[in-house]
Amino acid sequence: MTTHPTRPFEGQKPGTSGLRKKTPVFMQPGYLENFVQSTFDAIGGVAGKTLVLGGDGRYFGVEAAQVILKIAAAGGAARMIVGQGSWLSTPAASNLIRLRKADGGIILSASHNPGGPDEDFGVKYNMANGGPAPEAVTDAIFARTQVIDSYRKLDAPDVNLTMVGESRLGDMVVDVIDPVSAYADMMESIFDFKALRGLFHEGFAMRMDSMCAITGPYAVEIFENRLGAAKGTVVHEQPLPDFGGMHPDPNPTWAHELMAEMMGPDAPDFGAASDGDGDRNMIVGRGIYVSPSDSLAVIAANAHLVPGYAQGLKGVARSMPTSAAVDRVAEALKLACYETPTGWKFFGNLMDAGRVSLCGEESFGTGSDHVREKDGLWAVLMWLNIIAARNMGVAEIMADHWETFGRNYYSRHDYEALPVDQANAMLGDLRDRLSSLKGTQVQGLVVQDADEFSYEDPVDGSISAHQGFRILFEGGSRAVLRLSGTGTEGATLRVYLERYVAGPEGLTEDPQHALAPIIAATEDLVGIKARTGRKGPDVIT
Ligand code: G6P
Ligand code: ZN
């Protein structure tokens, strides 16, 4: 074991989801070592502990795993459970931490950001409950990175991570496991695999776009091997260090190949995509895109058809900017419904306390209390199980849902890379005028209320303020504005637009058309285009 003197690197502050930087930043000598040693120091050391380790297959992942193993061995860790090839999807890592009763885990990923020598890399620490470290822990890690003066590393050759089995690194056991099987088994315990095999046996056609990222091997095993979907159902199924140049973010913009197929003349029955590390999902039917907010509502309304949720849900939660479609389902089913700030970490307490079993966000995240991360393939299986149980296609399910609950038309408009000062000034002005907006008539709409969202965690009482501006209009429409917490360039303004239509008429409009009055009213009230000089949003989801 060698103790290496080191000096703090600036900016090793974990963000919404771990420390994310450009890969060359992580590859600087000592950079990863400093962050990992600081993480271990901040959690009280790793002596005698068991940790899970793996990542989404992106560039530098294998090298990083070797470094982490040697630092863990020097710290006296008892056992490291590592996905073969250093692979583990984020939900699979969360599952393994819980299943193996590990003390925590390290996930090597920058989620849906592109990977490669000039793209992004990331390191994230998860706790013994399988969920991302809370702010108190990430703050302690950051504090440690600012004063660190040495790290300890075992002097040993690299461990062979290409073969399943146990070996030793000093006194530490390195347990290389198949990254897929425990996760696939868990899915088999939640869903009606017999019904799903029947569905595919009858010729149900599906396209799963794994975007050259980590879900490929999981999707091939689950859909093609265990459920009998046709070979080739999963495309871009080989995880590649640079994701084959793809931007592995499952939304209509970046998963455009899938969108084109699903909207085309030869569309299969069902389409789905997931992101770099496998926690996000996008659901598409033949000729119909399902917004993440609607997907959450449909899953809530139909969860009882899935064996794992046959007793019903404990409650549901959504992030504040996510549409209220799920609220209407919760009301009908008499379920508790929580509204949290943006970020999966806010769901952890509610799940640990047994208050909710289903959570979702407009940012293409859906999941349940089976793990403590959002779970892309789980969401896909929920949809498949619902389709099999109801014997209906995606378009029919959506039409039926809207007829029953009404439709929350929804869209998000992003204005990217705005000058930070300009964005702050615009929202600062809005904050100053919030209380005077009530009663304002604009574009034929009346402002019913306007506020800045603040959340009090019902479990631990902690308060998270300044979580986005809400402008509510009479009749249940609203606009929400907040700045992205994950952007890397300037400020990204997100404008979330929602309008409720009870039906039975007017349920099949184009969302941009249905939302036009809200879009115009928001422009009148906030002046986004006027103040930024932009002609329109950069991204629309
Ligand atoms: C990450 C988190 C999500 C969150 C999203 C918001 O993906 O895991 O829980 O919804 O960031 O990103 P934003 O850029 O809107 O802050
Ligand atoms: Zn992700």
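The values are calculated or read from the model by the stated rules, or taken from the named source; none is laboratory data. It should be emphasised that the depicted structure is a prediction, and the values quoted were computed from it without experimental measurement. Cβ: placed from backbone, ideal geometry, glycine included. Neighbour counts: every protein chain shown.
General remarks:
- Note on the stretch 471-497: residues that are more than 16 Å from ligand 1 (Cβ to nearest atom) and either within 22 Å of E416 (Cβ to Cβ) or out of contact with any Phe, Trp or Tyr (no Cβ under 6 Å at 6 or more places or on another chain) (or both) amount to 7.
- Residue check: A77 meets all listed conditions (1) in a strand (DSSP E or B); (2) more than 16 Å from ligand 2 (Cβ to nearest atom); (3) crowded, with 19+ Cβ neighbours inside 10 Å; (4) touching a residue at least 60 places away in the same chain (Cβ under 8 Å) but one, namely (1).
- Only one entry of G61, G115 meets the criterion of being in contact with a helix residue (DSSP H, G or I) (Cβ under 6 Å, 6 or more places away or on another chain), surrounded by 21 or more Cβ atoms within 10 Å (Cβ to Cβ) and touching a residue at least 24 places away in the same chain (Cβ under 8 Å), and that entry is G115.
- Here the condition is being on the phi > 0 side of the Ramachandran plot and more than 16 Å from ligand 1 (Cβ to nearest atom); of Q448, Q443, Q512, it holds for Q443 alone.
- Conditions (1) touching a Phe, Trp or Tyr at 6+ places or on another chain (Cβ under 6 Å); (2) of a type in the set (S, T, N, Q); (3) within 16 Å of ligand 2 (Cβ to nearest atom); number of the one not met by N385: (3)
- Members of the stretch 167-214 found to be of a type in the set (A, V, I, L, M, F, W, C), more than 29 Å from I288 (Cβ to Cβ) and in a loop (DSSP other than H, G, I, E, B), listed by number: V180
- Residues that are within 26 Å of the chain's Cα centre (by Cα), part of a loop (DSSP other than H, G, I, E, B) and of a type in the set (D, E, K, R), drawn from the stretch 118-166: D118, E119
- Criterion violated by Y410 - all others in (1) without any contact (Cβ under 8 Å) to a residue 40 or more places away in the chain; (2) closer than 30 Å to T532 by Cα satisfied: (1)
- Answer from G11, G15 - the residue that is within 16 Å of ligand 2 (Cβ to nearest atom) and at pLDDT below 95: G15
- The number of residues in the stretch 214-265 that are among the basic types (K, R) and either buried (at least 21 other Cβ atoms within 10 Å of the Cβ) or under 23 Å from S109 (Cα atoms) (or both) comes to 0.
- Only a single item in (1) on the phi > 0 side of the Ramachandran plot; (2) crowded, with 20+ Cβ neighbours inside 10 Å is not met by T145, and it is number (1).
- Residue in the stretch 46-53 that is over 26 Å from the mean Cα position of the chain (by Cα), more than 23 Å from D103 (Cα to Cα) and surrounded by fewer than 21 Cβ atoms within 10 Å (Cβ to Cβ) present: no
- Some residue of the stretch 157-164 being buried (at least 24 other Cβ atoms within 10 Å of the Cβ), away from ligand 1 (no atom under 16 Å from the Cβ) and polar (S, T, N, Q): no
Here's the yes/no breakdown for (1) within 25 Å of T486 (Cα to Cα); (2) away from ligand 2 (no atom under 16 Å from the Cβ); (3) modelled with pLDDT of 95 or more; (4) more than 18 Å from the chain's Cα centre (by Cα):
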site: E362; (1), (2), (3), (4): yes, no, yes, no
site: S368; (1), (2), (3), (4): yes, yes, yes, no
site: R372; (1), (2), (3), (4): yes, no, yes, no
site: A389; (1), (2), (3), (4): no, yes, yes, yes
site: A399; (1), (2), (3), (4): no, yes, yes, yes
site: L427; (1), (2), (3), (4): yes, yes, no, yes
site: D432; (1), (2), (3), (4): no, yes, no, yes
site: S435; (1), (2), (3), (4): no, yes, no, yes
site: L445; (1), (2), (3), (4): no, yes, no, yes
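- Filtered residue count, the stretch 261-313, keeping only those that are touching a residue at least 60 places away in the same chain (Cβ under 8 Å), part of a loop (DSSP other than H, G, I, E, B), among the small types (G, A, S) and away from ligand 2 (no atom under 16 Å from the Cβ): 2
- Any hit, the stretch 238-255, residues being within 16 Å of ligand 2 (Cβ to nearest atom), of a type outside the set (D, E, K, R), out of contact with any Leu (no Cβ under 9 Å at 6 or more places or on another chain) and not in a loop (DSSP other than H, G, I, E, B): yes
- In the stretch 509-535, the residues that are more than 18 Å from E474 (Cβ to Cβ) and without any contact (Cβ under 8 Å) to a residue 24 or more places away in the chain: D510, H513, E523, K529, A530, G533, K535
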